[in-house]
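The values are calculated or read from the model by the stated rules, or taken from the named source; none is laboratory data. None of these values were measured; they are calculated from a predicted model. Cβ atoms come from the backbone with ideal geometry, glycine included; neighbour counts cover every protein chain shown. Surface areas here come from the heavy atoms of the whole protein model, side chains and all, with no ligands, DNA or RNA. Shrake-Rupley method; radii C 1.70, N 1.55, O 1.52, S 1.80 Å.
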Amino acid sequence: AKAAGGDTHVFFDPTLSRIAEHRRQLEKDLRQALHKEEFVLFYQPVVDLHARRLVGAEALIRWRHPERGLVSPDAFIPLAEQTGIIDEIGLWVFDSVCRQISAWRAAGHDYRISFNVSGRQIPDGLSPEILAETLRRYAVPPQSIALEITEGVLLADVDQARAWLDAAHGLGMRVYLDDFGTGYSSLSYLKRFPVDTLKVDKSFVLDMHDDGNERTLVEAIIAMGRSLGLDVVAEGVESAAHADLLRHMGCHYAQGYHFARPLPVAEFEAAAGHIAAQ
Ligand code: C2E
Ligand code: CA
Ligand code: CA
Ligand code: CA
């Protein structure tokens, strides 16, 4: 039975106001972190499974917090999205990626770098004009850049997402569909958006060996990608057995702890020469 007026206490719940206070503080900290330049990008190598060659990396943000140490994106990106600070953080990410590509090109490395775009950044936070202007400023060839978006972004506002993606793709940047397989209506969306590459979600790859269903699913995604003329990147490749199986299934590219964790630039550069042979 339901007690009458039983939820009145919710308005005075001290835990709720503590959570609200904590969020306000985190929001303030995030703004400061931008100005104090506490964010840093790590780069996780992506390898060509067949040529056994390093082809590029995914840029993944971290927060070097003065007291808390290295903070993972899962601990602050969701709030940054809710509060809108993601626009500024996202601009910083794109600028940093372009600057880094330009530095690597000057050193003779032609890597393709992908980075994650939140739905909130579309269409104004990272407008096609800003994309074009930044590419020009750093003299970065657009095909050296890939935008990682999730299905959720496409679903939120289909027309808006398509207009934005068409513009970005029209500039020559690649479009990767991230966490593929975790959402729905994937097939119809693939036809309606300018997608170049599927990233098989790591949850499927991680379970491939113990679970026949996951294995079948990964195989199906790879086959589907190939028949649609899309590249496929498997993430979460943690062992040589994973890499061998994926290679066998015809998967083009892989990323995961087996090859390397996301690395700070200096470590990425030090490891670059011997990453892909495994
Ligand atoms: P994601 O885009 O799906 O990135 C892949 C995550 O898997 C990364 O976590 C990466 O470190 C982790 N990973 C890589 N290889 C392996 C592996 O072999 N095994 C396992 N178990 N995990 C692996 P990370 O760096 O903590 O990032 C978490 C999420 O935060 C990302 O998921 C992405 O959604 C978001 N994120 C990261 N950087 C940014 C950014 O610059 N902007 C936005 N909007 N989101 C970001
Ligand atoms: Ca990603
Ligand atoms: Ca992913
Ligand atoms: Ca994810």
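Ligands, DNA and RNA are left out, and with a 1.4 angstrom probe the accessible area of region 55-95 is 43 Å² per residue.
3J(HN,Hα) couplings calculated from phi for region 163-180 with the Karplus curve 6.51 cos²θ - 1.76 cosθ + 1.60 (θ = phi - 60°) are, in sequence order, 4, 5, 5, 4, 5, 5, 5, x, 6, x, 6, 7, 10, 10, 9, 7, 6, 5 Hz; Gly and Pro show x.
Sorted by packing (mean other beta-carbon atoms within 10 Å per residue), highest first, where do 171-178, 24-31 land?
Highest-to-lowest ranking by the protection proxy: 171-178, 24-31.
Subtracting the Cα-Cα distance of Ala266 and Gln82 from their residue separation scaled by 0.36 nm leaves 63.0 nm.
Taking amide H positions as modeled 1.01 Å from N, with prolines and chain starts lacking one, the residues under 5 Å from Leu263 and 5 or more places away or on another chain are Tyr43, Gln44. Taking Cα atoms, how many degrees apart are the long axis of helix 14-35 and the longest axis of the chain, rounded to 10 and kept between 0 and 90? So the helix axis and the longest Cα principal axis differ by about 50 degrees. Here region 102-203 is assigned +1 on the Cβ of each Lys and Arg and -1 on the Cβ of each Asp and Glu. Its dipole about the Cα centre then comes out at about 280 debye.
If I take every Cα pair under 8 Å that is 6 or more residues apart in region 86-136, average their sequence separation and divide by the length, what percent do I get for the relative contact order? Dividing the mean separation by the residue count of region 86-136 yields 52 percent.
For Ile85, nonlocal amide neighbours, meaning residues 5 or more places apart or on other chains whose placed amide H falls under 5 Å from its own, do not occur.
Only Cα pairs under 8 Å and 6+ residues apart enter the sum, and on that basis the relative contact order of region 1-157 stands at 18 percent. Placing unit charges on the Cβ atoms of the charged side chains and taking the dipole of the chain about its Cα centre, the candidate lying farthest along the positive direction among Ala106, Val55, Leu190 is Ala106. Couplings for region 260-269, taken from phi via the Karplus curve 6.51 cos²θ - 1.76 cosθ + 1.60 with θ = phi - 60°, read 5, 7, x, 10, x, 3, 4, 6, 4, 5 Hz in order; Gly and Pro are left as x.
Return the carbon/sulfur percentage of the accessible area of region 134-200, one whole number, probe 1.4 Å, all protein chains in place.
So the carbon and sulfur contribution to the accessible surface is 50 percent.
When the Cα positions of His22, Gly225, Phe115 are compared along the charge dipole of the chain, Phe115 comes out farthest toward the positive end, with charges on each C-beta of Lys, Arg, Asp and Glu. Would you mind telling me which residue in Glu38, Glu235, Glu219 has the biggest mean-square fluctuation in a Gaussian network model of the chain, where springs connect alpha carbons within a distance under 10 angstrom? For the chain, modelled as a Gaussian network with Cα springs under 10 Å, the answer is Glu38. Loop-located trypsin sites (Lys or Arg not before Pro) in region 49-89 (DSSP state not H, G, I, E or B) with no more than 12 neighbouring Cβ atoms inside 10 Å: Arg68. With all protein chains kept in place, the per residue accessible area of region 161-260 amounts to 43 square angstrom at a probe of 1.4 angstrom. Taking the Cα centre of region 1-136 as origin and assigning +1 to Lys and Arg Cβ atoms and -1 to Asp and Glu Cβ atoms, the resulting dipole is close to 360 debye. Annotation: amide H of Ser239 within the under-5 Å range of His258, sequence separation 5 or more or interchain, hydrogens built in the peptide plane.
Calculated on the alpha-carbon coordinates, the convex hull of the chain measures out at 177 cubic angstrom per residue.
Note on region 1-144: Cα-Cα pairs beyond 20 Å make up 59% of the total pair count. Scoring 159-168, 103-112 by mean Cβ neighbours within 10 Å over their residues and listing the highest first yields 159-168, 103-112.
In the chain, what % of DSSP beta bridges are antiparallel (nearest 5)? Looking only at bridges with both residues in the chain, the antiparallel portion is about 40 percent.
Charge dipole (Cα centre; +1 on Lys/Arg Cβ, -1 on Asp/Glu Cβ; no other charges) of the chain amounts to roughly 440 debye.
Each residue of region 138-150 was assigned a 3J(HN,Hα) from its phi angle through the Karplus curve 6.51 cos²θ - 1.76 cosθ + 1.60 (θ = phi - 60°); the sequence is 9, 6, 9, x, x, 6, 7, 10, 10, 9, 9, 10, 9 Hz, with glycine and proline shown as x.
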